[in-house]
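*Asks:* Dumping the structure here so I can ask a few things about it.
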Amino acid sequence: MSEAILIGTRGWDHDAWQGGFYPEELPPEWRICYYSNVLRAVWAPADTWAGVAAEAVVQWAQDSDPGFRFVLEPPPLPSAAELAIFLQIIAPIRSQTDGFLLRVAADAPRDPAWLETILAELAREHPVCVDLPAAWQSPELSALLVAHRAGRYWDCAASDAPLPGGTLLVALSTGGTPLELRRTLDALARWQEQGARAALFFDGPTAAEAARSARTLAELM
């Protein structure tokens with residue numbers, strides 16, 4: 001089943017979840033299989049790709065069903081060569097990937113040419129959402145995002161509503177009360193009325209529980 005709003009957590013391979021979200025006796029290599037039967041989407045953060053073997057990504061595809069969705073964050077500030085390697089590594093889950101989240105560190109030197117190159121490569125594969133630091137904000141770069149139909153990352157703790165535009169929105173939350181979760185889901189539903197795709201991911205010690213609560217609320221909306 002394709003869910004209206006993708007809901008999951010930032011990463012799934014968390015040792016701290018053992019004995020909580022994951023049963024104590026569950027082998028670590030079974031985590032993605034267990035996770036995908038409870039939540040239906042995951043944000044694979046940039047540190048996922050540090051030393052990951054191609055065989056591991058093949059296993060992720062085998063251990064999750066075709067309807068399970070990935071949002072992938074490329075390595076930080078990848079060169080063209082590094083991006084090509086990344087795109088090759090993720091090939092086994094390409095059909096399960098709904099988009100990319102490109103995040104740029106606050107201290108990264110402003111480089112419009114690099115951004116245009118990376119956006120062009122990523123957008124050829126899947127929709128893109130970007131998280132740019134304040135120093136990168138300009139009419140020139142805004143026009144670049146529009147040209148590649150890139151959405152803007154939403155930190156739910158930093159602002160009350162997402163910015164418009166783009167075909168993919170990735171939102172990050174640490175949870176909250178049912179009323180707060182409902183307001184976040186309502187904001188995402190309004191954002192994607194334009195026919196775009198919204199994803200809500202949770203981070204922090206109670207991420208999995210918050211994601212399950214949000215998914216239950218989304219099913220009732």
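*Asks:* With a sphere of radius 11 Å drawn around the Cβ of P162, what net charge do the other residues whose Cβ falls strictly inside it have (Lys, Arg +1; Asp, Glu -1)?
*Replies:* Values: positive: R152, R190; negative: D155, D160.
That works out to 0.
*Asks:* Over its Cα atoms, what ratio of radius of gyration to 2.2 N^0.38 Å does the chain give?
*Replies:* Values: Rg = 16.9 Å, N = 221, 2.2 N^0.38 = 17.1 Å.
After normalising by residue count via 2.2 N^0.38 Å, the value is 0.99.
*Asks:* For the stretch 3-47, which semi-axes, largest first and in whole Å, follow from the square roots of 5 times the eigenvalues of its Cα gyration tensor?
*Replies:* Details: eigenvalues 72, 31, 14 Å².
Value: 19, 12, 8 Å, ordered largest first.
*Asks:* Then there's this: Leaving out ligands and nucleic acids, note down the accessible area per residue over the stretch 102-144 with a 1.4 angstrom probe, in whole Å².
*Replies:* Here the residues of the stretch 102-144 average 49 Å² of exposed surface.
*Asks:* Another one. Give me the percent relative contact order of the chain, please, defined on Cα pairs under 8 angstrom at least 6 residues apart.
*Replies:* Working: 354 pairs, mean separation 46.5, N = 221.
21 percent.
*Asks:* May I pose another question? GluC sites (Glu not before Pro) within the stretch 1-70: which are DSSP loop residues with at most 12 other Cβ atoms inside 10 Å?
*Replies:* E24, E25
*Asks:* Next question. Would you calculate a helix-derived [θ] at 222 nm for the chain, using -39,500 (n - 2.57) for each DSSP H run of n ≥ 4 and dividing by the full residue count, to the nearest 500?
*Replies:* Details: 7 runs with 77 residues, N = 221.
Rounded to the nearest 500, it is -10500 deg cm²/dmol.
*Asks:* Next question, about the same structure. Explain nothing, just the number: dipole magnitude of the stretch 128-221 about its Cα centre with +1 on each Lys and Arg Cβ and -1 on each Asp and Glu Cβ, in debye rounded to the nearest 20.
*Replies:* Details: 8 positive and 10 negative charges, 46 e Å.
My answer is approximately 220 debye.
*Asks:* Give me the extension gain from T177 to E209: residue separation times 0.36 nm, minus the current Cα-Cα distance, reported in nm with one decimal. Could you put the intermediate results ahead of the total?
*Replies:* On the way: separation 32, 0.36 × 32 = 11.52 nm, distance 1.19 nm.
The span from T177 to E209 would gain 10.3 nm if fully extended.
*Asks:* Right, next: Keeping the other protein chains in place, figure out the carbon and sulfur percent of the accessible area of the chain, with a 1.4 Å probe. Working shown, then result.
*Replies:* Values: 5810 of 10560 Å².
After summing per-atom areas, the C and S share lands at 55 percent.
*Asks:* Let me ask something else. What residue among Q96, Q62, Q137 shows peak mean-square fluctuation when the chain is described by a Gaussian network model with Cα springs under 10 Å?
*Replies:* Q137
*Asks:* So what are the ³J(HN,Hα) numbers for the stretch 52-59, from phi and the Karplus equation (6.51, -1.76, 1.60; θ = phi - 60°), rounded to whole Hz, Gly and Pro as x?
*Replies:* Result, rounded to whole Hz: 5, 8, 4, 5, 5, 5, 4, 5.
*Asks:* Given springs between every Cα pair under 10 Å in a Gaussian network model of the chain, which of H126, H148, H14 has the largest fluctuation?
*Replies:* Among H126, H148, H14, the largest mean-square fluctuation in the Gaussian network model of the chain belongs to H14.
*Asks:* Taking the Cα centre of the stretch 1-159 as origin, sum charge times position over the Cβ atoms of Lys and Arg (+1) and Asp and Glu (-1), and report the length of that vector in debye to the nearest 20. Spell out each step's value before the answer.
*Replies:* Values: 10 positive and 21 negative charges, 102 e Å.
Computed charge dipole of the stretch 1-159: roughly 500 debye.
*Asks:* Taking only Cα atoms and a 10 Å spring cutoff, compute GNM fluctuations for the chain and point out the largest among S64, S138, S36.
*Replies:* Checking each option, the largest mean-square fluctuation is seen for S138.
*Asks:* Scan the stretch 136-187 for trypsin sites (Lys or Arg not before Pro) in coil per DSSP, keeping those whose Cβ has at most 13 other Cβ atoms within 10 Å, and list them by number. Walk me through the intermediate numbers first.
*Replies:* Numbers: sites: R149, R152, R182, R183; in loops: R149.
Within the stretch 136-187, no trypsin sites (Lys or Arg not before Pro) qualify (loop, at most 13 other Cβ atoms within 10 Å).
*Asks:* State the Cα centre-to-centre distance between the stretch 1-55 and the stretch 165-221 in whole Å.
*Replies:* 18
*Asks:* If you don't mind, another one. From the backbone phi of the stretch 74-85, what are the Karplus-calculated ³J(HN,Hα) couplings (6.51 cos²θ - 1.76 cosθ + 1.60, θ = phi - 60°) in whole Hz, Gly and Pro given as x?
*Replies:* For the stretch 74-85, the Karplus-derived couplings read x, x, x, 6, x, 6, 4, 5, 5, 5, 4, 5 Hz, x marking Gly and Pro.
The values are calculated or read from the model by the stated rules, or taken from the named source; none is laboratory data. Everything quoted here is computed from the prediction, not taken from an experiment. Positions of Cβ are generated from backbone atoms using ideal geometry, with glycine treated the same way; all protein chains shown enter the neighbour counts. We work out accessible area using only protein heavy atoms, side chains counted, and drop any ligands, DNA or RNA first. Shrake-Rupley method; radii C 1.70, N 1.55, O 1.52, S 1.80 Å.
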